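In what follows, a structure is listed as structure tokens, so that the remarks can point back to it.
Just so you know, all these numbers are worked out from the coordinates, no wet-lab data involved. Predicted model only: the values in this text are computed from it and were never measured. Cβ placement follows ideal geometry from the backbone for every residue including glycine, while neighbour counts extend to all protein chains displayed.
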Amino acid sequence: MKRIKTAIVGASGYTGMELLRLLLTHPGVELVAVTSRQEAGKELGRVFPRFAKAAGAGLVFTAPEPAGIAATGAEVAFLALPHGVAAPIARGLLDCGVRVIDLSADFRLRDAAVYEEYYGQAHPAPDLLETAVYGLPELRAEAIRAARLVAAPGCYPTSILLPLLPLLRAGLLDATSLVANSLSGVSGAGRKAELSLLFCECHESVRAYGIPKHRHLSEIEQELSLAAGTRVILTFIPHLIPVNAGILTTTTARLREGVAPEAVGEALEAAYGGAACVRLLGRGGCADTKHVTRTNFIDIGWQYDARSGRVLLLSAEDNLGKGAGGQAVQCFNLMCGLAETAGLQNF
């Protein structure tokens, strides 16, 4: 297998660590650059002792300069950076001929005005939005294969979109009735020192946050609306739970008049029956985060509540895996002509 020269830009955060875990042992990857302003000048194996015996442990963290990254021979770069910071680096890398997989929010939206509304700043590279491919491999594989710039979806959106999109495309749901409740591990907030994320604040506690307009709503509603062919408004309630990683989402919606409940299972099977990273649990199947953490699987089950006339969609994923680094590697594999699951430790 040809080894693709690869860079991780912003490799010192939780998502960057997950990318390191996957790419250091990926049979098709030669890791040639890791960047971090905070850790610049330090060896990878010293910053992260867990990787001390890995083949790339001697790599030295550098500053995230596009020209320097390109000079290493990198053909593909993963950007694990905050929104607003990623776009200028993405532009510089693209100008140097490096393909980019961006894990920030900078290229997930098609409309720069929506980005400004949700992220509180003007988009730093609006001219690149038309070229970016929203990186859901199960639904956009062909576009991802040909892309120079892939926008990896957010963790919450992945858990909500994959169950819903086939049902909206098939016209099974009342698009005005969608409600999603998600519960996420604390790593979803990033690797930072913040009072609300301290152990004593999170342990033995569950709380909602980011309501009523969490930033991820912007990309969720964009993709739902594209699938439904009309504007879709979603009620989204995220919660923080005292685990390191994992997302559980329960989404409810009314069936359209005349639609039989069995059509839900049929639509999911038609969409994902052959998908390598989706496990369908069937009617009555309840997804559980303990079965998906440290994998690139998303588990999806469903049920129908005849009393309320609502479908219940239940999904679980690892927010750092299928919700971030793992899904980005899945996109990388498609872009580079590799097996879709190459390097993904799924069990």
request  = Before rounding to the nearest 500, sum -39500 (n - 2.57) across all DSSP H runs of length at least 4 in the chain and divide by the residue total; then give [θ] at 222 nm in deg cm²/dmol.
outcome  = -8000 deg cm²/dmol
message = Under 14 Å from a point placed 7 Å out from the Cα of K5 along the Cα-to-Cβ direction: which residues of region 94-129 have their backbone N that close?
response = 96-99
ask   = Can you give the angle from 0 to 90° between the axis of helix 262-272 and the longest principal axis of the chain, with both taken from C-alpha atoms, to the nearest 10?
value = 20 degrees
task = For region 52-97, report the translational diffusion coefficient in µm²/s to the nearest whole number, using Stokes-Einstein at 10 °C, 1.306 mPa s, and a Kirkwood Rh over Cα pairs.
result = 135 µm²/s
query = How many nm is it between the label spots at S225 and A339, if each spot is 7 Å from the Cα in line with the beta carbon?
reply = 4.1 nm
ask   = Considering every pair of different Cα atoms, what Kirkwood radius, in Å, is found for region 156-319?
value = 16.2 Å
task = Name the most mobile residue of C200, C277, C336, meaning the one with the largest mean-square fluctuation, in a Gaussian network model of the chain with Cα contacts below 10 Å.
result = C200
task = Sort H239, H83 so the one with the fewest other Cβ atoms within 10 Å of its own Cβ comes first.
result = H239, H83
inquiry  = Sort 241-247, 295-301, 102-108, 315-321 by packing, meaning the average of other beta carbons within 10 Å per residue, with the highest value first.
reply    = 315-321, 102-108, 295-301, 241-247
note = Under the 7 Å Cα-to-Cβ spin-label approximation, E130 and C286 lie apart by a distance in nanometres of 5.0 nm
query = Suppose R0 equals 41 Å; then what is the FRET efficiency for R145 and Y209 from their Cβ-Cβ distance, rounded to the nearest 0.05?
reply = 0.65
query = Taking only Cα atoms, what is the 0 to 90° angle, nearest 10, from helix 137-146's long axis to the longest principal axis of the chain?
reply = 40 degrees
task = May I have the extent of the alpha carbons of region 36-130 along their three principal axes, as whole Å values ordered from largest to smallest?
result = 46, 26, 18
For a label point 7 Å along the Cα-to-beta-carbon line of D95, residues of region 124-145 with backbone N under 15 Å = 124-128
query = So how far, in whole Å, is the C-alpha centre of region 240-271 from the one of region 280-335?
reply = 9 Å
request  = Run down the lysines and flag those whose C-alpha is under 27 Å from the C-alpha of K213, throwing out any fewer than 8 positions away in its chain.
outcome  = K192, K322
message = How long are the semi-axes of the equivalent ellipsoid of the chain, taking √(5λ) for every eigenvalue λ of the Cα gyration tensor, in whole Å from largest down?
response = 33, 21, 20
